[in-house]
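The values are calculated or read from the model by the stated rules, or taken from the named source; none is laboratory data. Keep in mind the model is a prediction, meaning the values are calculated, not measured. A quick note on method: Cβ atoms are made from the backbone with ideal geometry, for glycine too, and the neighbour counts reach across all protein chains shown. Surface areas here come from the heavy atoms of the whole protein model, side chains and all, with no ligands, DNA or RNA. Shrake-Rupley method; radii C 1.70, N 1.55, O 1.52, S 1.80 Å.
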Amino acid sequence: MTPESITATPQNLTLLDALQHEVAIFARRAEQTRLGGLGPARDSMDRAAYLLLSRLAEEGPAGVKALAEGMGIDSSTVTRQVAPLVDAGLVRRAADPADGRAVVLQLSPRGNERLAEVRSSRRRLISALTAGWTPEERADFCALLTRFNDAITHLQSGGGPPEPPSAPGAEADGDATEAEGEVSAVGEAELSREPG
């Protein structure tokens, strides 16, 4: 399925218009509120620092090039973003155990502590924002948002739009057509709800 075939029907156009509109609203609101969390740690760490510290916590010590590749950004950007984290004692430079001449970046104990505070604050915020959601709705939203972010990464890396997954035993077009009919009315309502 190509992007052109997705937009072939008026229902698809309405759905895609509603989706792009909601993404634009989300991006604006995320930037306005910075989705920085709740409590004392609110807005205490910018997005770049949070993502770098999270990456180091999940992946362990890494060189600048590996961090840049894993995050989909330039090495110079990582170097610039890491410098204040090193100065603040959240990240430390260490010799690479595999090659003593190379340097790796690792989370310091203070960095682990700060990251835990910020994660807790952001977790409370997401919990508050989704308080009326079922656990299944939270899981579905997380899975779809992850898939959306993966599609953006794939597109930015020059891979083009990813192919949609095929559901075992189901025709993708049949499922989509049923969902489109349900969403088209919702999409029109959503478009009129929020000014750009």
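What the table shows:
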quantity: Candidate set: region 142-182, residues that are closer than 30 Å to Asp74 by Cβ and β-branched (Val, Ile, Thr); chosen: the one modelled with the highest pLDDT; calculated: Thr146
quantity: Number of positions in region 89-125 that are assigned to a helix (DSSP H, G or I) and among the small types (Gly, Ala, Ser); calculated: 4
quantity: Residue match in region 134-141 (condition: open to solvent by less than 70 Å² (accessible area, probe 1.4 Å) and either at pLDDT 95 or above or under 20 Å from the mean Cα position of the chain (by Cα) (or both)); calculated: yes
quantity: Selection status of Val78, open to solvent by less than 20 Å² (accessible area, probe 1.4 Å) and in contact with a Gly (Cβ under 6 Å, 6 or more places away or on another chain); calculated: no
quantity: So Ala185, is it at pLDDT below 80 and among the aliphatic types (A, V, I, L, M); calculated: yes
quantity: Which numbered condition Glu58 fails, given (1) within 21 Å of the chain's Cα centre (by Cα); (2) surrounded by 15 or more Cβ atoms within 10 Å (Cβ to Cβ); calculated: (2)
quantity: All positions within region 83-128 that are polar (S, T, N, Q), within 17 Å of Leu52 (Cα to Cα) and open to solvent by 50 Å² or more (accessible area, probe 1.4 Å); calculated: Asn112
